[in-house]
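Q: Have a look at this one before I ask anything.
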Amino acid sequence: MWSVTSFNELRRDGLAVERNNRLHPGQKPELSYVEECLNGRKGPVIASTDYMKLFADQIRQWVPTKEYKVLGTDGFGRSDSRKKLRHFFEVDRHFVVLAALEALADRGDIEPKVVAEAIAKFGIDPEKRNPLDC
């Protein structure tokens, strides 16, 4: 579990490191803070934010895995409790677990039926309208 204070700052850091590496060819390349923190870690990386998915997606190029799943609150403005909004936009704890299980199933570490079992256990309606369309 890793808490991000500012995706914007992580992006700025990544861009600064890229620039530095570009301007210093032949030197040992530096790593961005995201790369330093996640380098060598196994398993999927899940970002869940109360902002649009694009917000967390801005660091994708420095996440050292293809298994970077971003959950965000894309859609129209709504007013309700934070708990209900997180469920509506599919960024609550159940959807974080579901995204991690999906990534593990995609790489063959678990069977797809484990994902289906989690959907049933959490009471998630697979036919629920996509929040982007509501």
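The values are calculated or read from the model by the stated rules, or taken from the named source; none is laboratory data. Worth saying up front: this structure is predicted, and the values here are computed from it rather than measured. With ideal geometry, Cβ positions are generated from the backbone for all residues, glycine too; neighbour counts draw on all protein chains shown.
Q: Which is assigned to a strand (DSSP E or B), surrounded by 11 or more Cβ atoms within 10 Å (Cβ to Cβ) and β-branched (Val, Ile, Thr), of VAL96, VAL70?
A: That would be VAL70, the only listed residue that is assigned to a strand (DSSP E or B), surrounded by 11 or more Cβ atoms within 10 Å (Cβ to Cβ) and β-branched (Val, Ile, Thr).
Q: Would you mind stating whether GLU102 is in contact with a strand residue (DSSP E or B) (Cβ under 8 Å, 6 or more places away or on another chain), under 23 Å from LEU132 (Cα atoms) and in a loop (DSSP other than H, G, I, E, B)?
A: no
Q: Still on this model: State yes or no: is VAL34 modelled with pLDDT of 95 or more, assigned to a helix (DSSP H, G or I), under 30 Å from CYS134 (Cα atoms) and under 14 Å from the mean Cα position of the chain (by Cα)?
A: no
Q: State which residue is surrounded by the most Cβ atoms within 10 Å (Cβ to Cβ) when the search covers only segment 99-134 and only residues that are in contact (Cβ under 8 Å) with a residue 40 or more places away in the chain and either in contact with a Leu (Cβ under 7 Å, 6 or more places away or on another chain) or of a type in the set (Lys, Arg) (or both).
A: Step by step, filter segment 99-134, then rank; the result is ALA99.
Q: Condition first: assigned to a loop (DSSP other than H, G, I, E, B) and modelled with pLDDT of 95 or more. Can you find one or more residues in segment 40-51 that meet it?
A: No, segment 40-51 contains no residue that is assigned to a loop (DSSP other than H, G, I, E, B) and modelled with pLDDT of 95 or more.
Q: Something else: Given the options TRP2, TRP62, name the one that is out of contact with any strand residue (DSSP E or B) (no Cβ under 6 Å at 6 or more places or on another chain), aromatic (Phe, Trp, Tyr) and at pLDDT below 95.
A: Values: TRP62 fails: at pLDDT below 95.
Of the residues listed, the single one that is out of contact with any strand residue (DSSP E or B) (no Cβ under 6 Å at 6 or more places or on another chain), aromatic (Phe, Trp, Tyr) and at pLDDT below 95 is TRP2.
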